[in-house]
Amino acid sequence: MTEALDSIPLTTIDGETTTLAAYGPVKLIVNVASRCGLAPQYEKLEALQKEYGERGLTVLGFPSNQFLQELGDTEKIKEYCSLTWGVTFPMFDKVKVNGRGAHPLYQQLKKTPDAEGKAGRVTWNFEKFVVTPDGAVHRFRPRTEPDDPAIVALIESSLPPIA
């Protein structure tokens, strides 16, 4: 599935066009929202980026107002993420994750079932998708913390060992 995912056009929060192919072999894709009760997960996402970034993990934040909890403009989102949580990982333009207007990336990601075998709709903000170098997509629901042992083990097993 990596080739299909890697070729989907994306727009960064700064308005530049890119694709997932531009990012490390392991990607942690998250739909984020500044006003969500789960926003403290930003801190753990940033910690993962700092710990594993040099080995090839890239956390990718996709703001979404699908659940009516994201700030209105990208400058405010950037400022909030930077000043409140010290976010350094790549952030993207706001996207829809569900419905007819869902971004093509999320149209593909939602086909992946979670640990209980359920695919389909993104249920809330901070749903996580880990894409490994072999192209496999692994789905973790919003209440699963970014530093959950299952996510960390998946990241570690997908990255090259520490030299």
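Throughout, read-outs are computed from the coordinates displayed, never taken from laboratory work. In this text the structure is predicted, and so the values were computed from the model without any measurement. Cβ placement follows ideal geometry from the backbone for every residue including glycine, while neighbour counts extend to all protein chains displayed.
So what is the calculated 222 nm ellipticity per residue for the chain, using -39500 (n - 2.57) for each DSSP H run with n of 4 or more, over all residues, to the nearest 500 deg cm²/dmol?
Working: 5 runs with 45 residues, N = 163.
Taken over the chain, the calculation gives -8000 deg cm²/dmol.
Quick one: which of LYS76/LYS118; LYS50/LYS118; LYS27/LYS78; LYS76/LYS96 span more than 28 angstrom between C-alpha atoms?
LYS76/LYS118; LYS50/LYS118
Please sort by residue number the trypsin sites (Lys or Arg not before Pro) in region 61-163 whose DSSP state is loop and whose Cβ has at most 10 other Cβ atoms within 10 Å.
ARG100
Defining a contact as two alpha carbons under 8 Å apart and six or more residues distant in sequence, what relative contact order in percent does region 38-163 show?
26
Tally Lys and Arg at +1 and Asp and Glu at -1 over the other residues with C-beta under 15 Å from the C-beta of GLU43: what net charge comes out?
Result for the local shell: -2.
Please state the charge dipole magnitude for region 1-92, taken about the Cα centre, from unit charges on C-beta atoms (+1 on K and R, -1 on D and E), reported in debye and rounded to the nearest 20.
240
Starting from the Cα gyration tensor of region 1-90, take the square roots of the eigenvalues, sort them a ≥ b ≥ c, and report rounded, prolate or oblate (rounded when a/c is under 1.5, otherwise prolate if a/b is larger than b/c, else oblate). List each step's numbers first, then the result.
Working: a/c = 1.84, a/b = 1.29, b/c = 1.42.
It comes out oblate by the Cα gyration axes.
Looking at the square roots a ≥ b ≥ c of the eigenvalues of the Cα gyration tensor of the chain, which shape do they give, rounded for a/c under 1.5, prolate if a/b is larger than b/c, or oblate?
rounded
So, with +1 on the Cβ of K and R and -1 on the Cβ of D and E, and no other charges, what is the size of the charge dipole of the chain about its Cα centre, to the nearest 20 debye?
So the magnitude is around 620 debye.
Given a Förster distance of 35 Å, report the FRET efficiency between ARG121 and GLU16 from their Cβ-Cβ distance, rounded to the nearest 0.05.
0.75
Rounded, prolate or oblate, given the Cα gyration tensor of region 93-152, with a/c below 1.5 counting as rounded?
In terms of gyration-tensor shape, prolate.
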